[in-house]
Every structure is written in C-alpha cells, then in structure tokens.
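Presented below is the structure to which this report refers.
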Amino acid sequence: MGYLHPHASVFGREFVDSSPATIASDLATGSSPIRLVRLRLMLSLLAMAILPLAIAAPLAYSLLDGQLAAERLRAERDSTAVAAAIATRMERTVDAVLRNASSPVLSGLFTEPPRTNAATARAALLTIGSPADDGVREALVLDHTGKVKFWLVAGKTSTGEPRYDTSDAVLEATLALEANTTYRSDIHPGVNSTPMVTIAAPIPGGEEGPIGILRIELSLAQLLGSGTSSLQAAGVLAELVDHTGMVLTKSLASGAVVAADGTRAIATVPGFPERRIQLTQPRESESTPLFLLGGLGLITLILGALILWMARQVLHPAEQLEASRGRLRELYEVARLDALRDALTGLGNHRAFHEEFDRQLDIARRYNTPLALVLIDLDDFKLVNDTTGHAAGDELLAEMGRLTASTVRTADRAFRIGGDEFAVLMPHTDADGARVVGRRLLASALETRPASSVPHSFSFSVGISSFPALTTDRRELYAQADSALYWSKTHGRTMVQIYDPDRHHALGAPKHSAELSSSVMELTATRSLKAVYQPIVELRNGRVIGYEGLVRPTPESGFKNAGELFAAAEVSGRQVELDQTCLEVVVAGAARLAPESILSLNISPRSLEAPEFSVQAFLRLLQSHGITPNRVILELTERESVEDFDRLRHNVAAARAAGIRVAADDVGAGNAGLRLLSQMQFDIVKVDLSLVQRGAQHKTSLAVISSLQELAQRWGSWVIAEGVETPEQLELIRGLGISAAQGYLLGRPGPSIEVGTVDLASLLTRDDWLHRMARSPQAVSVGASPTA
C-alpha cells in the first residue's frame, strides 16, 4: 500500500518518535500539560463525588449489618435445632427398638406354637413410633435365616414379602451384635427414591444366641418434616445434603415459598457426619431508614449539579486552548511530513529511511521478529535521462514510486533513498518473503501500462538481506543488501538476489582497483585455488554422466570466497587471467576423470572474446591431461555486455569445430543468457536455479522452462537443470522431459569425481533431504561461473 495518508506519514502509520524534533513539538504544542490538567480535573471531580458516598457508606452498612447478623444467627440456631430434633427422634427410635427386641413379646413369635399373636406383636411394634410423627415406615421381625416372622407396614400388618434389602450382610451384621446394641445402615433410596435409614437389633434367644432380628425402616423426609415443624418463621427450607452438596431430601416449613436470596446456615446431623442439614430462611423486610435515603439523594443531586457547573467553567477555556494547539500540531505535522517525504514519488526520503530503519530494527530485536531490507536500483536510468530527458526520468521515478506503493503490504515501509535507488523495510518478513514481494514488483514493472504516464516496461535490480537470519548488525544488514544488489547489477540485471555469503560477501567493500588487481594477480601466480566438482545426473536412470568443475580460493589467497574473488577480478580488469588460471586448475584436477564422463567448464564471454584466448592453446591444455575435446563443455555466462561479438562468435565456432560443446549458462537469471540465446546456437542450455526453484510453484516459471525445452529440441540440443534442491523440483523437471540435472539434492560440489549412480526413486520418496540441507552450508549458484 502507499504511504501518502496525511496521518500515516511516509511510513504507513503513526509511530512514536523520540527525536529532538518531536520533543520540541511536544513542548511547543503543550499537549502533555493539557492532558495532565484534564486528568487532574477529572480526578478531583471524581473525588468530590465519591467523598460523600464514602462517608455515608459506613453508616448505612452499620445499620444494615445488624439486621443481617441477626438473620444469620437465627438461621444457625434453627439449623442446629432441626439437626438436634432429628437426632433426638433417632435416639428415641433406637431405644424403642432395643426395648422391643428384648421383650418376650417378639421372642414369643418364635415358639411352637407361637405365644404371641399378630395383634399383640402389632401393639408392641407401634410403641416404637408412628409413621406420621416418627417416620417409621416398616417394622420387620426376621429369624436368623432371614425369613419374615412378622411385618408391619405403615402401622398395618402385611402378609406379603418385604420390599427392602434383607441380604445376608445386613442379617449377619445384626446377629453378630451383642445384646442391647443396634445396627444402623447408611441412608439408602428406599421405596420411590424416598431416603430411608435402617435400624436393626438382635432378638436374644438364650445361651444359643440371637434367634432373630427386629428391623425398622425410617423415612428421613418425614423425620426432616417433623424437625422443621418447630420453626417459628414461615417459608423456611430445610434440606438434607451429602458431603458433596447434593440434596437428598427437603422440607418446606409452614407450606410457604422460600425466597431465593434467603439467609443460609448448615449443621451436621448427629450420627451421620457426612449428612448435613442446610437451612434457608427468608430475609426480613426491614426497610432502610427513609431519612438516610433522602439525605444521600439530596447530597448526590447537589454534588452532581456542582460538578457539572465546575466542569463547564474549567473545561471551556481549556478546550479553546486545546483547539488552537491542535491546529498548531496539524501545521507542525504537515511541515514534518514534508521534511520526511520525497516530493517526486510520495515515498519516504533518505532521512525518513534511516529513522525508520533504526526504529524497525529496534522493534525486531526487542520482540525477536524477522526484518527484511530490500534495496532497489533502476536499470539504465542514466541512459533514460541522457536519451529522453530529465522530465522522462522524473516520470519513471514517479511511476516506480506508484508501483512500489501499490505492491508492497500495508505494514511495509517504502523509501526513495537516492537518485534512482529505492528501499523497502518489511517487518515480520524473512528474506524469502521479501523475494516474493520483490519479484511481484519486478513483474509489474516489466508489464506495459497503456493508461500510465510511463506506458512502456522498465526493469530494476534488487538486493535483499534479513535480520536476524543473515546478520544482527545494522551496518552489515545494509551492506549485505547492497552487495546482493551490486551482484545483480553486474550479472545481467533484472533480477532479485538474496544475500549469499559465498557469492556476494564483501562485494560492496570499497577497495582500490590497483589493490584488487595486485591481489588477483598474486593468486593467479601462486595458483591459490582448489578445484571442486559437482555431479551432473542423467534423469532417466540416475547415472552420473559428468561433473561441472568449480573453484574455491584457498585460505592463504586473501579472498574469503569465490564470489569476492571474481568480483575483484571484474572490478580490476583481471577476469581473463583469472579465468585462464581456473581452467588450468580444474582441468588438472579432472585428469583422473573416467573416460566416459564429461567435464563442464565455466568461462565468461569476456575471456572468450579476448585476444589472449586461443582455442589451440586450450586444446593443448586438455591434451596434456588426457582429456579429449568431445568430453568437454564450455559454459558461457553473460555477466556483462559483449564488446566484440564477432570474435566471440568466431572462437565459439572454432571450439565447436574441435569437438568441444558449448552451453548457455544461467539461462533465466534476469536477462542473463537470453541475449546470447537470441544471437547464437548452443549445444546445451543450462536452466538457472531460480527458474527451477520457482517452477514447482509458479506457472510463469514453468512456462519458461517448457519453452526452453522446446527451443533445445528444435536445435537438437539438450537441457540441464541447475539448482535442484527438493524432491518436488526433481519430479517437475523429469515430468517436463529434461534429460539431466544438477543441484544439492543430487550432489554437492566436492573433490571426489568417482562415477556412480544416484537413486532417484529414493530421493523422490525420502523425507530427510531437509536435514541434509540443514547440516550443510547454504547453497550457492553452481552454474554462473567458476565462482560457484
């Protein structure tokens, strides 16, 4: 998105600026003092409103708390009384059970013939308690085998079978008791889920022990109801709950409806420690004194009116002052935005870039988030100014600003930092994400725009670095992006490059040409180079058909990597001498190469067109190491413009006549290779790794690869895909019919040149290639030049 919003400045949104200018603005506008005055006024008025309520609250609380305390005490007293009443009735029932169990009336039921008839037994059992008052639902007389001798249900004699548990466990537990003792069961569901309690006592039979048992079933619901009958207040809810709070049974005293917000108290039922009586009493409706309510209401009204009047008197002049200072702030902000905005493009200027760069980097460090820096340089901008005038150049810059503003995301920050240089800061974005945006922007620039002031296409080069993946230092972050940009400008332009330590390191470091020339010549004289070879694999069967020869500078050479070495050779004009030395080192190391294997060598068109280059001398070099010309491929990389195209074409023809095959290298890396393809015919076309790596996800890249394959077929040539790093890319290029490939998935550059095969089927199915990539150094381009 663009950065032209008046309140978003050139950065896309407002931000905290602690610069001296911002501090001076705060002092000039007085925004902080005004806010402080408003805050203090609001706090003062709030205190005035709260103070009377704070004084009256304790008074009201003291009046109301006495009533609540009395209700709590009454509830606690009543709950204890209900629990005690239930316990008393239970104990009375237990005494009656023991008395009847020891009486000769019940033992007479066991004689032959029985001495006790049913009427006598019924009269005796009714003395234990009535069903209505005491909750005695059933009384049973059982023999020692559990057989019913007599059964009384709700005060009436029954001849049926008992409906309650008469298991051996209850029977045995009771018979094992001594005289004058009872067995008490826990609460159980009973009939119709009515909570019941069993009380049983043994019926003594002499020296032989008990001859039976007397068993009583008590209804807790009726016990609970009889216990609450003594309560004076209506609407008291008594509940029997277990230790989890689940209600087992309940009783509502006096038949009224209890209030939901009543006063609650809990008491434990004696004899049943896990059962509690929970009592809820309605609150008494004692009214708050009217004089208190009236006084509080009057004070509130007076204070409200006073506060409103004071607020108007104080805030009115303050609001006028704030309005005038607000206008001053707006004028200051406009001036500030003008000082940070590039007038031609509407983007941020150089000063804004450095301020925002520091701010974004500080945020990324604080929250440990990625930050990408994208540097952009228009291609051939000087030529546009020289041929079409500065007005056309300004239109091109303005169009670049519009494209950038409409392409990057809302969170990104775009700037014009130089004549034809632009920068984009991309928070929460890594280098790969920035490359996607950079390519999208480049694709937009390469399209024609009939409705635009610049309808024709134009191109630019891009360099990218990221925090913290590549560096955590501010200067290094900028230097890395600048080095990647420089590499793009010197290797065909019209490309997007992420900083690669092996390829781009120190390209932007300022050195004198004489110093660079001396360093390169010293390296060529001492041959401080070592050869490495990357396998080229036939995709039909996985056979290694040859190797691409590459070089690495030795530690004593003074160059950290091949990228730095070849960049120095280009700047100092020593590229031809360096190419010659690299060819000699690589060919010498390939002398042990198998006779059927091919050897691919990198050479720049600048070296091939130079007067110092001789095809005959190159053939003698191959012959001295036992390598026949038909096994050799010369890869031409178009890193700079060709000055003598006729001589280049002549030397290429001479090499092909000697049996050497010629390949167009890095095809698809910007414009690299495309111009050579349009003017020369090649035996081999090597597709750049960027096209291969994008092909699995981008239809445009896939179409370019397919077109190159068709072109090679018309020429009778074959295609080698470079930069194959994933199984998906391998499967894609095989599907397109590409005959050979190389890349980190198939084999890394190394000193070994042993011929073998690669298990392609295993590579397409295995999932450990990512781990192998992670354990190895970052991939570098292996087809651009001997720098790889």
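FYI, it's all coordinate maths here, none of it is from the lab. Computed from a predicted model, the values in this text were never measured in an experiment. Reconstructed Cβ throughout: ideal geometry from the backbone, glycine too, with neighbour counts over all protein chains shown.
List of remarks:
- Environment charge at Ala392 (Cβ cut-off 11 Å; Lys +1, Arg +1, Asp -1, Glu -1): -4
- Value in Å of the Kirkwood radius, where region 358-408 supplies the Cα pairs that are averaged: 13.5
- Cα pair distances exceeding 14 angstrom across region 419-500, given as percent: 64
- Considering region 378-530, its Cα convex hull presents a mean projected area of 11.3 nm².
- Contour excess over end-to-end distance, with Cα ends at Gln616 and Ala653 and 0.36 nm allotted per residue: 12.1 nm
- For the peptides 87-94, 353-360, the ranking by mean Cβ contacts within 10 Å, running from highest to lowest, is 353-360, 87-94.
- Rounded to the nearest 20 debye, dipole of region 522-615 from Cβ charges on Lys, Arg, Asp, Glu: 360
- The loop-placed trypsin sites (Lys or Arg not before Pro) in region 702-770, going by DSSP, that have at most 14 neighbouring Cβ atoms within 10 Å of their Cβ come out as Arg766.
- Residue-count net charge about Ala658 - beta-carbon cut-off 14 Å; Lys, Arg +1, Asp, Glu -1: +3
- Protection-proxy order for peptides 614-622, 532-540, 428-436, each taking the mean of Cβ atoms within 10 Å per residue, highest first: 532-540, 428-436, 614-622
- Peptides 299-310, 579-590 ordered by packing proxy, namely the average of other Cβ atoms within 10 Å per residue, highest first: 579-590, 299-310.
- Largest-first ellipsoid semi-axes for region 388-442, taking √(5λ) over the Cα gyration tensor eigenvalues, angstrom: 24, 10, 9
- Radius 11 Å from Cβ of Pro611, net charge of other residues (Lys, Arg +1; Asp, Glu -1): -2
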